[in-house]
Amino acid sequence: MWWLAPLNLERKNRFGLKYRQIIRNIGMEVERCYRLGICYDMAWDIEGLDLSGYREVVRVKEDGTIEVTGKDGAVTVLQGSRPVTRPAGDPPGLEVTLSTAKGQAPLEVTAMAELTAGSAPVYFTPSLKYADAGVWRNEKVIWQLYGPEEWDYNKLEDAPVTLQGATCAITFTLDKPGAYRLRASVVDRAGRSTVVWRELSVE
């Protein structure tokens, strides 16, 4: 979904909820199964789908609720995803600074991210395109740019990136006037994440 502008995670659905919240509910239910050792499948909830072989069916609804149907047909409606128990420890630290946050278009911006180790290594490998002779490149910081319009979204994977020690830098250009929001996020191997937002204004 990071590569599809119409599925911008900051957009809201007809219930006024961000797509990010709905996807989070899906992710939390999947993680819960993973950590409990429960085998699971994921599928679109299309009409006529035979689910009779499952002892539990979890429907993530677009109104933010979770509908759980047991083998006996009993239905329980939850107001959100069920809790996930992760290993105890500290999440990664993340500080983000911008070379500039306001100016005339086209505005070139360099964002610097300082990582601080928590209780587990920071790790994220985005796709096969980053593999080089079988070696996967750890991207560490995920950069997402939103704005200026509701539909405008870009994952800054193709912009120049440098990595040295615990410092990541990315440079990009804002061509259209308006208000932008830059999202930087990191996650460690235990699933603990840290997110930082920065606002930019282009005239």
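So the values come out like this:
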| item | result |
| --- | --- |
| Rg ratio (alpha-carbon, reference 2.2 N^0.38 Å) - the chain | 1.19 |
| 14 Å beta-carbon shell around D175, net charge (K/R +1, D/E -1) | -3 |
| Choice from E157, E149, E29 showing the highest fluctuation, given a GNM over the chain with Cα pairs closer than 10 Å | E149 |
| Relative contact order of the stretch 41-127, defined on C-alpha pairs under 8 angstrom at six or more residues apart (%) | 18 percent |
| Residues C168, C33 arranged by fewest to most Cβ contacts within 10 Å | C33, C168 |
| Relative contact order of the chain, defined on C-alpha pairs under 8 angstrom at six or more residues apart (%) | 20 percent |
| Exposure proxy ranking, count of Cβ atoms within 10 Å, fewest first, for D152, D63, D50 | D50, D63, D152 |
| Restraint check, K71/K155; K71/K140; K12/K140, Cα-Cα greater than 31 Å | K71/K155; K71/K140 |
| Fewest-first sequence of Y153, Y123 by Cβ atoms within 10 Å of each Cβ | Y123, Y153 |
| Helical contribution to [θ] at 222 nm, DSSP H n ≥ 4, -39,500 (n - 2.57), averaged over the chain, rounded to 500 | -3000 deg cm²/dmol |
| GNM top mover of A88, A184, A43 - the chain, alpha-carbon springs below 10 Å | A43 |
| Helix 19-36 vs. the chain, principal-axis angle (Cα, 0 to 90°, nearest 10) | 60 degrees |
| P(r), alpha carbons of the stretch 6-78 - 5 Å bins starting at zero, rounded % | 3, 14, 22, 26, 19, 10, 5, 1 |
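Here, each number is a calculation from the coordinates, and none is a lab measurement. This one's a predicted model, so the numbers in the text were calculated from it and none came from an experiment. Cβ coordinates were reconstructed from backbone atoms using ideal geometry, including for glycine residues, and neighbour counts include every protein chain displayed.
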